[in-house]
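Please read the structure below before turning to the comments.
Readers should treat all values here as calculations from the given coordinates under stated rules, not as data from a laboratory. Owing to the predicted nature of the structure, the values given are computational and were not obtained by experimental measurement. Here the Cβ is made from the backbone with ideal geometry for all residues, glycine too, and neighbour counts use every protein chain on show.
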Amino acid sequence: MPQYEYRAINKNSRVSTGILVAETPTVLERRITELGLWLIEAREFTPQKRRSQKVNASRRDLVDFFNGFATLVGAGIDIAESLRIIVKETEHQALQGVLEDVRLNIESGVSFFDAMSAHPEVFSDEICNLVRAGEHSGQLVEACIDISHHLEWLDQLMSDVKQATMYPAMVSIAVFGLVFVMFSFVVPQFSLIFDSLDLELPMVTQVVVAIGAFCNLYWWAILLFMAGIVAFLKWGVHFIPGMAMTMDRVKLRAPVFGPVVHLLVLSRFTHNMALMLKAGVPIVEALELVAGVVTNRVMEAALKDAQFAVTQGRRMSEALAQHDVVNSIVMRMIVVGEETGKLDFCLEKISVRLDDEIPRRIKRLFGILEPLIIMTLLGVVGLVAASIFMPLFSLMSGIG
């Protein structure tokens, strides 16, 4: 449904701006009039333009919103009035404006899902689809509680990841900078000394000196190359056909972080699929919605195949079995769920298991990586230092 950015004035001559969902400009003007406003101007506004705008609403802000909203609606207060109360209590000004827009849309007759979809910069596709499922089944309160719990889990997970990676990242940056300085400036200076003394250099020293000379001459090219790699990986997926699928497949199969990424993808699939089915969404529609929020094209392709299989009267598990993205444990739970008619229950159970396993796997991974990174980087520094001092020790021995 089209979205319109509008400017209107109220009876107190105060100008209001926002986003409203309406079928046509005529319907938009009528809805604004019903809200007690007089339309000044309006223009169509696409979700892509809205997505480019940033609202620094954290996951914690969204957790607080959905918790408060579920409490108010669960107590029997209608959606618009609940939003009005939350808007007054919200201290985050940008989020306050977004929630006011949502409230105005609802008061003008738009569904909660459509009102939230007008603000993709705050409410992701995953959140909107879960709200849509809750509205569809009449379990909006339960859907909001599930969203809150999931966001809280995700916030804690990201906090654990940041805490686990902070020290290794700081050490890596510091030592990498030291190595770069040594190769670019220190080693070339010692190379001049070695040349002036006409020393016969060990092989390891020759290699280090050659690398140092290269870095000294082409340090700018090295930095440009690294920036080019980052830019290629970031924007190439949007312009090179097939690159996005290849990158997502590499993420799943990477030797160190791949297993964790794989678990995250499976967790997102099982969690959202269980919520959709619990909310009463038909399995075909649920597969379509979940395919749009798994954030991995390999898993998305598997779910689209499963959706096609179900429309043909076959089981979802038959199609997913053709893809190696779904591991044996998840696959077994899906088969059991289909055979017992409790697919939502089985997916919820495996989702809880994955959500418990992922933080442990991440902590264990970085517990191993931290000393490994430090030892590797110290080894590099030690090798460079040894390659410099070996000829000097040889010279001093010769003098002695």
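Which distance in Å, rounded to a whole number, links the C-alpha centroids of region 51-120 and region 144-200?
Cα centres, region 51-120 to region 144-200: 40 Å.
Measure off 7 Å from each Cα along the Cα-to-Cβ vector at residue 376 and residue 26, then give the distance between these two points in nanometres to one decimal.
6.6
Taking the dipole about the Cα centre of the chain, with the C-beta of Lys and Arg at +1 and of Asp and Glu at -1, give me whichever of 130, 118, 161 is farthest to the positive side.
It is 161, whose Cα lies furthest towards the positive end.
What's the long-distance tail for region 153-400, i.e. % of Cα pairs beyond 28 Å?
Details: 16550 of 30628 pairs.
Within region 153-400, distances greater than 28 Å cover 54 percent of Cα pairs.
At R0 = 25 Å, how high is the FRET efficiency between residue 213 and residue 176 if r is their beta carbon distance? Nearest 0.05 is fine. Mind dumping the intermediate values first?
On the way: r = 19 Å, r/R0 = 0.78.
Efficiency, rounded to the nearest 0.05: 0.80.
What value does region 286-340 have for Rg/Rh, both radii from Cα atoms and Rh as Kirkwood defines it? Intermediate values should be presented prior to the final figure.
Details: Rg = 10.6 Å, Rh = 11.2 Å.
With Rh from the inverse mean 1/r over Cα pairs, Rg/Rh is 0.94.
If I model a spin label as a point 7 Å beyond the Cα along the Cα-Cβ vector, how far apart are those points for residue 15 and residue 154 in nm?
In this crude spin-label approximation the distance works out to 3.6 nm.
Please report the spacing between the Cα centers of region 297-373 and region 239-254 in Å, no decimals.
19
How high is the FRET efficiency between residue 357 and residue 383 when r is their beta carbon distance and R₀ equals 41 Å, given to the nearest 0.05?
Values: r = 38 Å, r/R0 = 0.93.
Given R0 = 41 Å and the Cβ-Cβ separation, E is 0.60.
Expressed in nm², what is the orientationally averaged projection area of the convex hull enclosing the Cα positions of region 232-342? The partial results should precede the final answer.
Details: hull surface 29.7 nm².
The number I arrive at for region 232-342 is 7.4 nm².
May I ask you to sort 11, 363 by Cβ crowding, counting other Cβ atoms within 10 Å and putting the fewest first?
Working: 11 8, 363 14.
So the ranking, lowest neighbour count to highest, is 11, 363.
Sort 188-198, 80-90 by the packing proxy (mean of other Cβ within 10 Å over each peptide's residues), most packed first. Mind showing how you got there, number by number?
Numbers: 188-198: 12.9, 80-90: 17.0.
Per-residue mean Cβ counts within 10 Å order the peptides as 80-90, 188-198.
Rounded to the nearest 20 debye, what is the charge dipole size of the chain about its Cα centre when +1 sits on each Lys and Arg Cβ and -1 on each Asp and Glu Cβ?
340
Choose one answer from 203, 375, 316: the residue with the largest mean-square fluctuation in a GNM of the chain with alpha-carbon springs under 10 Å.
Top of the fluctuation ranking is 203.
Could you derive backbone 3J(HN,Hα) for region 117-123 from the dihedral phi with the Karplus parameters 6.51, -1.76 and 1.60 (θ = phi - 60°), listing whole Hz in sequence and x where the residue is Gly or Pro?
After applying 6.51 cos²θ - 1.76 cosθ + 1.60, I find 5, 6, 10, x, 6, 10, 9 Hz.
Using a 10 angstrom cutoff on alpha carbons, build the Gaussian network for the chain and name the most mobile of 379, 292, 258.
379
Once the piece of chain linking residue 368 and residue 284 is laid out straight, how much longer is it, given 0.36 nm per residue of separation minus the C-alpha distance between them? Numbers along the way, then the final one.
Working: separation 84, 0.36 × 84 = 30.24 nm, distance 4.21 nm.
Here the answer is 26.0 nm.
Which one of 80, 21, 92 has its Cα pushed farthest toward the positive end of the charge dipole of region 3-123, where Lys and Arg give +1 and Asp and Glu give -1 at the Cβ?
92
Pick from 137, 117, 184: which residue has the top mean-square fluctuation in a GNM of the chain where Cα pairs under 10 Å get a spring?
184
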